[in-house]
Amino acid sequence: MYEYINGELVLMTPTYAVLDVQGVGYKIIISLQTYSKLADATRVKLNVHQIVREDANLLYGFYDEDERHIFRLLINVNGVGPNTALIMLSSLSSEEIRTAILKEDINTLKSVKGIGLKTAQRIIVDLKDKITTSGASVDLFSKQATFNKQKEEAMLALIALGYAKAPAEKVLDKLLEEKKNYTVQELIKAAFKQM
């Protein structure tokens, strides 16, 4: 999986950018939030999230880590796919989405095209406990990011070893509630004992 792509910006539209990296052009789908930050750039580094499907291998790019973090949270909500998450990030800033979730502001979320009442409610219920406030210190945010990365890496390893995603996630969540400072290896070993 790609973490970021750093290259020369050869083409940019409001919906995607093409980065040339040593002669290879990467088409990366972007939000209007990222588009506005790339206005006069010639060389850029985009944080990416890759989605591989039967019919496509898609790269979604984000100007900063916070936007990608919000994107990843949103696509884990039942009924919110990558395109809907991107529309949300094009309509509202990462901070506006975070604030709407924390304040349970259904109307702000519903103002986004394609988001109805039930989806807005589901986003709030699913993400309220997973989102940090902007007032949180950088250390808290980086600890949360580390926590999420540990869980993600452990989850990928368990799935690769043949475990189903839902039970694996349940076990990992339980383990990380009890103790947050696991290494990825310790987390996987602890999960084995409970599965």
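From the list A85, A136, exactly one residue is among the aliphatic types (A, V, I, L, M), under 30 Å from A39 (Cα atoms) and at pLDDT below 90. Which is it?
So the residue among A85, A136 that is among the aliphatic types (A, V, I, L, M), under 30 Å from A39 (Cα atoms) and at pLDDT below 90 is A136.
For segment 147-169, which residues satisfy the criterion of being over 18 Å from the mean Cα position of the chain (by Cα) and surrounded by 14 or more Cβ atoms within 10 Å (Cβ to Cβ)?
Of everything in segment 147-169, those that are over 18 Å from the mean Cα position of the chain (by Cα) and surrounded by 14 or more Cβ atoms within 10 Å (Cβ to Cβ) turn out to be A157, L158, Y163, A168.
What tally of residues in segment 174-193 results from selecting those that are surrounded by 12 or more Cβ atoms within 10 Å (Cβ to Cβ) and either in contact with a helix residue (DSSP H, G or I) (Cβ under 8 Å, 6 or more places away or on another chain) or small (G, A, S) (or both)?
10
Are any residues in segment 160-170 under 17 Å from N76 (Cβ atoms) and in contact (Cβ under 8 Å) with a residue 24 or more places away in the chain, and if so, which ones?
P167, A168
Contact list please: Cβ distance under 7 Å, first residue in segment 1-26 and free of Cβ contacts under 8 Å to residues at least 60 places away in the same chain, second residue assigned to a loop (DSSP other than H, G, I, E, B) and surrounded by 13 or more Cβ atoms within 10 Å (Cβ to Cβ), pairs at least six apart or on different chains.
Pairs found: L9/L38; L9/A41; M12/L38; A17/L38.
Could you name every one of the helices (runs of 4 or more DSSP H) located completely within segment 1-116 that has at least 2 residues being over 27 Å from A160 (Cβ atoms), assigned by TED's automatic domain parsing to the domain that holds A157 and of a type in the set (G, A, S)? Walk me through how you get there before you give the answer.
On the way: elements: 32-37, 65-75, 82-91, 94-102, 106-110.
In segment 1-116, there are no helices (runs of 4 or more DSSP H) which contain 2 or more residues that are over 27 Å from A160 (Cβ atoms), assigned by TED's automatic domain parsing to the domain that holds A157 and of a type in the set (G, A, S).
When residues of segment 112-133 are filtered for being of a type outside the set (V, I, T) and in contact with a Leu (Cβ under 8 Å, 6 or more places away or on another chain), how many remain?
Counting residues in segment 112-133 that are of a type outside the set (V, I, T) and in contact with a Leu (Cβ under 8 Å, 6 or more places away or on another chain) gives 4.
Just one of (1) on the phi > 0 side of the Ramachandran plot; (2) modelled with pLDDT of 80 or more; (3) not assigned by TED's automatic domain parsing to the domain that holds T84 trips up A154, so point out which.
(1)
Within segment 34-47, track down each residue that is surrounded by 20 or more Cβ atoms within 10 Å (Cβ to Cβ) and under 15 Å from T15 (Cα atoms).
Correct list: T34, L46.
The values are calculated or read from the model by the stated rules, or taken from the named source; none is laboratory data. None of the values given here were measured: they were computed from a predicted structure. Here the Cβ is made from the backbone with ideal geometry for all residues, glycine too, and neighbour counts use every protein chain on show.
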